[in-house]
1. Just how large is the dipole of the range B:49-92 about the Cα centre, in debye to the nearest 20, putting +1 at every Lys and Arg Cβ and -1 at every Asp and Glu Cβ?
2. Out of every Cα pair in the range A:14-80, what percent are spaced more than 20 Å from each other?
3. Which FRET efficiency value, to the nearest 0.05, is calculated for A:R78 and B:S71 with the Förster distance at 41 angstrom and r the Cβ-Cβ distance?
4. Can you tell me the relative contact order of chain A? Whole percent, Cα pairs under 8 Å, sequence separation 6 or more.
5. With +1 assigned to the C-beta of every Lys and Arg and -1 to the C-beta of every Asp and Glu, and no other charges, what is the dipole magnitude of chain A about the Cα centre in debye, to the nearest 20?
6. For the range B:12-27, list residues with backbone N below 20 Å from a point placed 7 Å from the Cα of B:S85 toward its Cβ?
7. Take every Cα pair under 8 Å in chain B that's 6+ residues apart, average their separations, divide by the length, and report that relative contact order as a whole percent.
8. At 1.306 mPa s and 10 °C, plugging the Kirkwood radius over alpha-carbon pairs of chain B into Stokes-Einstein gives what diffusion coefficient in µm²/s?
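Rule-based calculations on the coordinates, nothing more; no lab input. In this text, all values refer to a predicted model and were calculated from it rather than measured experimentally. FYI the Cβ positions are ideal-geometry reconstructions off the backbone, even for glycines, and counts take in every protein chain you see.
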Amino acid sequence: EIVLTQSPGTLSLSPGERATLSCRASQTVGTSYIGWYQQKPGQPPRLLFYATSSRATGIPDRFSGSGSGTDFTLTISRLEPEDFAVYYCQHFSDTFVTFGGGTKVEIK
Amino acid sequence: EVRLLESGGGLVQPGDSLRLSCAASGFTFSSYAMTWVRQTPGKGLEWVAAISGDGIWIYYRDSVKGRFTISRDNSKNTLSLQMSSLRAEDTAVYYCAKNFATGIAVYDFWGQGTPVTVSS
């Protein structure tokens, strides 16, 4: 089972700043198998990226995903007020799915 | 418009059973694998079980094997999760989620979730 470790746990930033979120896998994984989600209070997760860097429908281009091997990154180039939320990475295999513990992006 | 609506959650005692349902609409249900994901404040998001579009392939996390059964009725566009021998650690909000595409187990649509509380 792949373990995903997200860091930092909390990121305190101001609107307009750049956010860089990390997701580290316990072993090398293929880029096709990594996704990212955004979750706001009281809502289900929202898919941001699949296959590491492919944006889901409707996701603005200030969001970008990158990485390979064991290290993956979600970057928000300029934080908008609606971007303050919790972000999760995810890995899937043929038979199992794991999520990272999440990074909360909060207003500084 | 894709919609997923869960139902069936509630408060039960340890050892009890509960059946969750998810009514799907707005897409060709039988063409997509479906998944149950649960969320607790302490453990975050946790994948529970998945079923292929035709219902042939089924997968569970180890902690629910033998206790939970995922199923689907493609004639009624409904996904189900039969939960038995419930434990306190099964307490969570349970989401049904649609797989993005064949072979791509990320989830592009989620229901609003149904809460399950297991407590004496």
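1. 60 debye
2. Summing the P(r) of the range A:14-80 above 20 Å gives 29 percent of all pairs.
3. It comes to 0.35.
4. 38 percent
5. I would put it at about 180 debye.
6. B:12-20
7. 35 percent
8. The calculation lands on 112 µm²/s.
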